[in-house]
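To keep things clear, I will list the structure first and then write my remarks on it.
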Amino acid sequence: MQDLQSRIALVTGASRGIGAGIAVALARAGADVAVNYHEKAEAARTVCNEISGFGRKALAIEANVGMASEVKRLIAEVQDRLGPVDILVNNAAIARPQQLEDITEQDWDEIIDTNLKSVFLMTQAVIGSMRRRKWGRIINLSSVAAQTGGAVGPHYAASKAGILGLTHSCASLLVREGVTVNAIAPALILTDMVTSNPKASPELIPMGHFGAIEDVASVAVMLALNDYTTGQTISINGGWYMT
């Protein structure tokens, strides 16, 4: 499948897990991909090598996307080395399982900055060029935690619920600009984030098992290809939450 040829994708938090899976799937569909990471440089390079194997350009860039100055630097480097961003996937997130009474102000701020503020900053940074070219795809990774409370904690659930509101607002504002904005809300996908959480059990899922990264990545590619879907939340959760 080569439907995204000539498109430039940027995936935040793409050195592993769902982000890495989406980055590779977009490359398989024809896009050149910037792989953002914060700490795991070697893992990001591994993802880039896999992308290059499909004959696509790949670029690993370190940046803390919860900081405006870092976002500005990230976008400038992608534009200089690959071109303007056509497809933005806001995936960067941290999950810190905690009880309500144990969450400090620092914990709250770090989760909100990484998981929610980053989505706003990244979206704000790319919409100008998308508007000028009358084409853009913004895909935000939310979570079943936004819909049910989840298995991490209220700080995580609040950050992921905020993504849904931000998605709806941006979709409405950009609906006549050639830019679609959608969210994906996975539940307990088989990643390090899930397997390291003692509260995450397949017993929470009606289907009785964790989901696969490919289940999420295929939906991201669909949203990148689709011209007529915007403001939607696609739930990939094994029946945990039904809309």
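The values are calculated or read from the model by the stated rules, or taken from the named source; none is laboratory data. None of these values were measured; they are calculated from a predicted model. Here the Cβ positions follow ideal geometry from the backbone for every residue, glycine too, while neighbour counts run over all protein chains shown.
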Mind telling me which of the residues Leu59, Leu116 ends up being at pLDDT 95 or above, in a helix (DSSP H, G or I), buried (at least 17 other Cβ atoms within 10 Å of the Cβ) and not β-branched (Val, Ile, Thr)?
-> Leu116
Restrict the check to the range 119-133 and report whether at least one residue is crowded, with 20+ Cβ neighbours inside 10 Å and either among the hydroxyl-bearing types (Ser, Thr, Tyr) or assigned to a loop (DSSP other than H, G, I, E, B) (or both).
-> yes
Does Asn237 count as modelled with pLDDT under 95 and buried (at least 20 other Cβ atoms within 10 Å of the Cβ)?
-> yes
Residues (part of a helix (DSSP H, G or I), among the charged types (D, E, K, R) and under 26 Å from Asp3 (Cβ atoms)) located in the range 41-56 | Glu50
